[in-house]
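Written below as structure tokens is the structure these notes are about.
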Amino acid sequence: MQVKFGTSGLRGLSEELKGEPSARYATAFARHLVASGHSRPGDPILIARDFRGSSPEIAAVCAAALSREGLHVLDCGTVPTPALALYGLANRAAGLMITGSHIPADRNGIKFYRPDGEIDKADELAIGEIADGIAHQIPAIADAGIGEDHGARVEELFLKRNRELLPAGALSGLKVGVYQHSTVARDLIADLLAFFGAEVVALGRSQHFIPVDTEAVSSETIERLQGWSREHRLDAIVSADGDGDRPLVADENGLPLRGDLLGLMACGFLGATLAVTPVTSNSGLERRLSVLRTRVGSPFVIAGMQQALRDGEQKVAGFEANGGTLTASAFLVNGSTLDALPTRDSFLPIVAVLAAAVEAKLSLSVLASSYRLPVALSDRLEDFAVETSSRLMAHLRAGPENLATFLAPIGRPQSVSDIDGLRVTFDDGRIIHLRPSGNAPEMRCYVEAETAQVAEALLDSGLSTIRRWAKTASN
């Protein structure tokens, strides 16, 4: 697995990212910051990490490389990515988050932030070109220390922001499980919900890293959530991915709510007039609010939000199909101004959904069903070679007859969108979306239908069809 930029930062196998590559990309980032005028020698730069076994080593190598480039490294410890981003914006400091997010433990990555927020695709290209030009020239040395400790300050600022979302005690009466596993958000989520008056039950805390994909929750994870819900009689279970920027919210039965529904509810909580979201989000969103569709990945969502602001929109938020919610403009919430945080955040949608359930006096399952969105499911084929997925997509794009033949066992295509992958609407209204992952050797399949039974059958058919094609292509 080659180290490269995907939909969310730099990704690769941990063994391929450790050492020289980490030092090289950190050096390239520092030089790009200075060359572009975003930072000057002596300016602060933040570094934080998740709980993966490889993250401390990668962080230490990056910190040393940044120091050699003349930047002042501040160690933010193990904190959520949105907390790091908020602290960077408040202090006009660039930052690095060492995390592989939800991908398996043998992989890792680096997310980069300019002093004014998340890097964009142009930044990625520039950093990559600098890194390629200094290959094997940068020593992979980890200094004795990683920098001045700012972890507590990062957490304090982030908690302050989130405590202003609701009145203290607003979630009294709710009994909420927090699936802690190995997310860096685990303690802050519990503290925040307790501040709002919820009875918090800590669940599944782990000392080793567990990859939790909040967009494609595994059957094993759902079984655990259901068991905990029955055992503790919970109103909800909440969690986040490894670096705390993607939320997971399960209802009183332990069944996860779709991430795009969480994003929709967060936009309602904020009073957003426009939501920017990728093409993979539920097709029923447009029934509820104005929506601008983008390619998959936070850089594209952020670019869409920025364009909306330039076009005169004033209350702009965004979210991805995984539920990570971004704000492009300030919002008045609970009598306080919530400043823009244009990076994925898991805390806002978690609070918004629980608050909506309390206000409506409904269980989460009933509240979710009241939105009457099409049933949307997704899954992935792991360890699906990038070369194979590229050949498949090239074959399907070569002509409509190829796509029609490929999908013939499933249905008859009526319309096709090629914004990011191939999103096909069949003549009976069902939707299937085939898309290679942008940051892992995975092939993703998204489906929509009017009922859960039909959606499950469509998802199974889609994955099976992909497997058959790959097997035939390899012979």
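Every read-out reported here was derived from the displayed coordinates using simple, explicitly stated rules and does not represent laboratory data. Everything numeric here is computed off the predicted structure, so don't read it as measured data. Cβ atoms come from the backbone with ideal geometry, glycine included; neighbour counts cover every protein chain shown.
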If every Lys and Arg gets +1 and every Asp and Glu gets -1 at its Cβ, then about the Cα centre region 133-173 yields a dipole, in debye to the nearest 20, of 240
Of the convex hull enclosing the alpha-carbon atoms of region 28-108, the direction-averaged projected area in nm² is 5.1
Residue-normalised 222 nm signal for the chain, counting each DSSP H run of n ≥ 4 as -39,500 (n - 2.57), nearest 500 deg cm²/dmol, is -12000 deg cm²/dmol
Treating only Lys and Arg (+1) and Asp and Glu (-1) as charged, each at its beta carbon, one finds that the chain has a dipole about its Cα centre, in Debye to the nearest 20, of 520
Spelling it out for L74: with amide H atoms placed in the peptide plane at 1.01 Å from N, the residues 5 or more places away or on another chain with amide H under 5 Å from its amide H are I45, L46, I47
The summed charge of the L89 Cβ neighbourhood (under 9 Å; Lys/Arg +1, Asp/Glu -1) stands at -1
About its Cα centre, region 375-474 carries a charge dipole, from +1 on Lys and Arg Cβ atoms and -1 on Asp and Glu Cβ atoms, whose size in debye to the nearest 20 is 280
log10 I(q)/I(0) for the chain, Debye formula on C-alpha points only (no solvent), q = 0.09, 0.13 Å⁻¹, two decimals, reads -0.58, -1.24
For region 177-369, percent of DSSP beta bridges that are antiparallel (nearest 5) comes out at 50
Among K160/K361; K111/K160; K18/K111, the pairs whose Cα-Cα distance exceeds 21 Å are K160/K361; K111/K160
Projecting the Cα atoms of A303, P56, L289 onto the charge dipole of the chain, where Lys and Arg contribute +1 and Asp and Glu -1 at Cβ, the residue farthest towards the positive end is L289
Mean separation of Cα contacts under 8 Å (at least 6 apart) over the residue count of region 375-474, i.e. the relative contact order in percent, is 34
Total charge of the residues flanking F158 in space, meaning their Cβ is under 11 Å from its Cβ, with Lys and Arg +1 and Asp and Glu -1, is 0
Once Q306 and D116 are pulled to full extension, the length gained, defined as 0.36 nm per residue separation minus their Cα-Cα distance, is 67.1 nm
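Please compute, over every Cα-Cα pair in region 4-156, the percentage with a separation greater than 25 angstrom.
The calculated P(r) of region 4-156 puts 16 percent of pairs beyond 25 Å.
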Expressed as a whole-number percentage, the relative contact order of region 4-156 with C-alpha contacts under 8 angstrom and at least six residues apart is 34
Cα-based Rg and Dmax for region 420-459, in Å, come out at 11.1, 33
The answer for F51, listing residues at least 5 apart or on another chain whose modeled amide H is closer than 5 Å to its amide H, is V184
P(r) of region 177-369 over all Cα-Cα pairs, 5 Å bins starting at 0, rounded to whole percent, reads 1, 8, 17, 21, 21, 15, 10, 5, 1, 0, 0
Checked against the positive end of the charge dipole of the chain (+1 on Cβ of Lys and Arg, -1 on Cβ of Asp and Glu, about the Cα centre), the farthest of P441, S336, V316 is V316
Length-normalised contact order of the chain, Cα under 8 Å, at least 6 apart, in percent, tallies to 13
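Hydropathy at least -0.5 by Kyte-Doolittle, axial extent at least 24 angstrom from the Cα trace: which helices of the chain, defined as entire DSSP H runs, fit?
Correct list, ordered by number: 452-474.
In the chain, what % of DSSP beta bridges are antiparallel (nearest 5)?
If we restrict to bridges inside the chain, about 60 percent are antiparallel.
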Once phi for every residue in region 366-376 is put through the Karplus expression 6.51 cos²θ - 1.76 cosθ + 1.60 (θ = phi - 60°), the whole-Hz ³J(HN,Hα) values, with Gly and Pro written as x, are 5, 4, 4, 5, 5, 7, 6, 7, x, 6, 10
Placing +1 on each Lys and Arg Cβ and -1 on each Asp and Glu Cβ in region 375-474, then taking the dipole about the Cα centre, the residue among G429, P409, A455 whose Cα reaches farthest towards the positive end is P409
Candidate cut points under GluC sites (Glu not before Pro) in region 139-189, DSSP loop plus at most 14 other Cβ atoms within 10 Å of their own Cβ, are E164
Quick calc, S336 & W469: beta-carbon distance into FRET formula, R0 60 Å, rounding 0.05, result 0.70
The convex hull of the Cα atoms of region 364-475, divided by residue count, gives a volume in Å³ per residue of 115
Amide H contacts under 5 Å for V333, restricted to residues at least 5 apart in sequence or on another chain and with H modeled in the peptide plane, are L338
